[in-house]
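> Mind looking over this structure? Questions follow.
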Amino acid sequence: MTGAPKISLVEDLIEAMVAKDLSKSLSILNEVSKANLDMQMFAKILIETLRSILLLKVSVGAAVELKDKLAEARFNFIKKISEMKDSPIKADTLREFLIAYEQMGMSYIPELPLELSIIKILEVSG
């Protein structure tokens with residue numbers, strides 16, 4: 001039986017990625033795995049959060065919809081990340097995690113596709 005991941009772990013991962021801290025990013029995934037949390041659910045929350053960040057980056061109108069939909073602290077986190085310059089969070093980042101999510105069901109090690117995506121994203125942006 002696996003548990004649902006905490007949103008704070010997703011936010012920690014995104015902050016580590018924005019800081020381009022590969023070691024910390026991979027450590028957070030390891031923490032999720034060791035806690036026996038649902039890695040696919042973690043990936044879904046990550047993808048949803050990255051999507052919200054991208055929407056805020058490209059659409060002023062998205063702010064109104066997201067502000068109504070999300071808790072205040074969650075919206076503020078997404079807004080803060082979306083306003084950061086030189087962030088590795090781009091459309092290609094989201095695409096990379098969508099591919100990783102598809103591959104998770106075929107992977108012997110559940111976190112491996114996410115690890116590979118993070119390595120690829122941070123090596124390209126770093």
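> Across the stretch 85-110, which residue is nearest to LYS20 (Cα to Cα) among those that are among the hydrophobic types (A, V, I, L, M, F, W, C) and out of contact with any helix residue (DSSP H, G or I) (no Cβ under 6 Å at 6 or more places or on another chain)?
Residue satisfying both the conditions and the ranking: ALA91.
> Which numbered condition trips up ALA100, out of (1) part of a helix (DSSP H, G or I); (2) exposed (fewer than 14 other Cβ atoms within 10 Å of the Cβ)?
Going through (1) part of a helix (DSSP H, G or I); (2) exposed (fewer than 14 other Cβ atoms within 10 Å of the Cβ) one by one, ALA100 breaks only (2).
> Go through the stretch 54-93 and give me each residue that's acidic (Asp, Glu) and either touching a residue at least 60 places away in the same chain (Cβ under 8 Å) or assigned to a helix (DSSP H, G or I) (or both).
Scanning the stretch 54-93 gives GLU65, ASP68, GLU72, ASP92.
> Identify the residue in the stretch 32-61 that is at pLDDT below 90 and among the small types (Gly, Ala, Ser) and, among all such residues, is nearest to PRO88 (Cα to Cα).
Taking the candidates together, the pick is SER59.
> Got at least one residue in the stretch 104-113 being free of Cβ contacts under 8 Å to residues at least 60 places away in the same chain, touching a Pro at 6+ places or on another chain (Cβ under 8 Å) and not charged (D, E, K, R)?
yes
> Could you check ARG51 against (1) buried (at least 18 other Cβ atoms within 10 Å of the Cβ); (2) touching a residue at least 24 places away in the same chain (Cβ under 8 Å) and say which number it fails?
With (1) buried (at least 18 other Cβ atoms within 10 Å of the Cβ); (2) touching a residue at least 24 places away in the same chain (Cβ under 8 Å) applied to ARG51, the lone miss is (1).
> Kindly indicate which of MET41, MET17 is touching a residue at least 60 places away in the same chain (Cβ under 8 Å) and either of a type in the set (A, V, I, L, M) or not in a helix (DSSP H, G or I) (or both). So that I can check it myself, show each step before the final result.
Values: MET41 fails: touching a residue at least 60 places away in the same chain (Cβ under 8 Å).
Among MET41, MET17, only MET17 is touching a residue at least 60 places away in the same chain (Cβ under 8 Å) and either of a type in the set (A, V, I, L, M) or not in a helix (DSSP H, G or I) (or both).
> To continue, here is another question. Does at least one position in the stretch 30-40 carry a residue that is touching a strand residue (DSSP E or B) at 6+ places or on another chain (Cβ under 8 Å) and loosely packed, with under 15 Cβ neighbours inside 10 Å?
yes
> Next question. Could you check the stretch 70-93 and list, in sequence order, the residues that are among the charged types (D, E, K, R) and either under 17 Å from LEU13 (Cβ atoms) or surrounded by 12 or more Cβ atoms within 10 Å (Cβ to Cβ) (or both)?
ARG74, LYS79, LYS80, LYS90, ASP92
The values are calculated or read from the model by the stated rules, or taken from the named source; none is laboratory data. Predicted, not measured: the structure shown is a model, and the values here were computed from it. Positions of Cβ are generated from backbone atoms using ideal geometry, with glycine treated the same way; all protein chains shown enter the neighbour counts.
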